[in-house]
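Read the structure below first, then the notes.
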Amino acid sequence: MKEQIHISRQQQKSRVTREKIFQAAKRILQKKGYEELSIKNICEEAGVSNGSFYHHFKTKDDLLSYYIEEQPQIDPDLLELPDSVAGVKKGIIQVYMNYVRYCRELGVEFMAEYYDTKNQALNASIRTERPYPIVTVQTYVEKAVEAGVVRLDVQIDEFTTDIRMIVIGNVFEWCIKHGEADFEGNMSRSLGKYLDSVLCPGDKGD
């Protein structure tokens, strides 16, 4: 029992440290921009050592990647395999509505600085360690195809690339309009139109 309490306290301490580091990075991004977001500056702002930073994150982009993509978990029941194309489409859109809510929680100032071309956390080809939304969606669609619920009219790699670009475009539009764009409406509409063009009923679908 004592060991379990010790582990729990260590986990809590680790969460507090990660959050402290992130809040420091967030303040730097909002006040000074991505160019000033160095590990040295983050550690000074957070009041932690470099060793503490590297214990939790590999790089500054890994830190940003962790928080931008480790969004609140979606209800597991939400992505249970449906029996129709409409159900698959709804599940995918819900994944990104969850993402939109998380972007709002982080704030438009943070997101605007996060979407910097130098930020390698945006590079999908090197992001393989955590279940990013697009990975969740890809797995979901692959299962639906395998079950015969839907048929995908494009290759899965092309599908995931298109989805990522639609999402990035909507986030950028929201940022460039300083949060005044219809974030939820635009994301839902653009994803919906794309999904209508590439998802068809499978052998067991409607």
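With the simple model of a label 7 Å out from the Cα in the direction of the Cβ, ASP196 to LEU106 spans 3.0 nm. Computed from label points 7 Å out along Cα-Cβ, the spacing between GLU146 and MET97 is 2.7 nm.
Sorted by accessible area with a 1.4 angstrom probe, largest first, how do PHE183, PHE172 fall? Before the final figure, lay out the partial values.
Working: PHE183 0, PHE172 115 Å².
Accessible-area ranking of PHE183, PHE172, largest first: PHE172, PHE183.
Find the accessible area per residue for the chain; the probe is 1.4 Å, ligands and nucleic acids are left out, and the unit is Å².
Values: 11590 Å² over 206 residues.
Heavy-atom accessible area per residue stands at 56 Å².
With the cut-off at 19 Å, tell me which of the pairs LYS60/LYS177; LYS40/LYS60; LYS26/LYS118; LYS89/LYS193; LYS118/LYS193; LYS118/LYS177 have Cα atoms farther apart than that. In this structure, LYS60/LYS177; LYS118/LYS193; LYS118/LYS177 lie more than 19 Å apart at Cα. Given axes a ≥ b ≥ c from the Cα gyration tensor, I'd like to know whether the stretch 83-206 is rounded (a/c under 1.5), prolate (a/b larger than b/c) or oblate. In terms of gyration-tensor shape, prolate.
What FRET efficiency do you get for GLU173 and ARG9 if R0 is 41 Å and r is their Cβ-Cβ distance, rounded to the nearest 0.05? Write down the numbers at each step before the final one.
On the way: r = 44 Å, r/R0 = 1.07.
After rounding to 0.05, the efficiency reads 0.40.
For the chain, the 222 nm mean residue ellipticity estimated from helices alone, with every DSSP H stretch of n ≥ 4 adding -39500 (n - 2.57) and the total spread over all residues, rounds to -21500 deg cm²/dmol.
The values are calculated or read from the model by the stated rules, or taken from the named source; none is laboratory data. Note that the structure is a prediction, hence the values are computed from the model and not measured. No Cβ is skipped: glycine too gets one built from the backbone with ideal geometry, and neighbour counts run over all protein chains shown. What goes into the accessible areas is simple: the full protein's heavy atoms, side chains included, and nothing from ligands, DNA or RNA. Shrake-Rupley method; radii C 1.70, N 1.55, O 1.52, S 1.80 Å.
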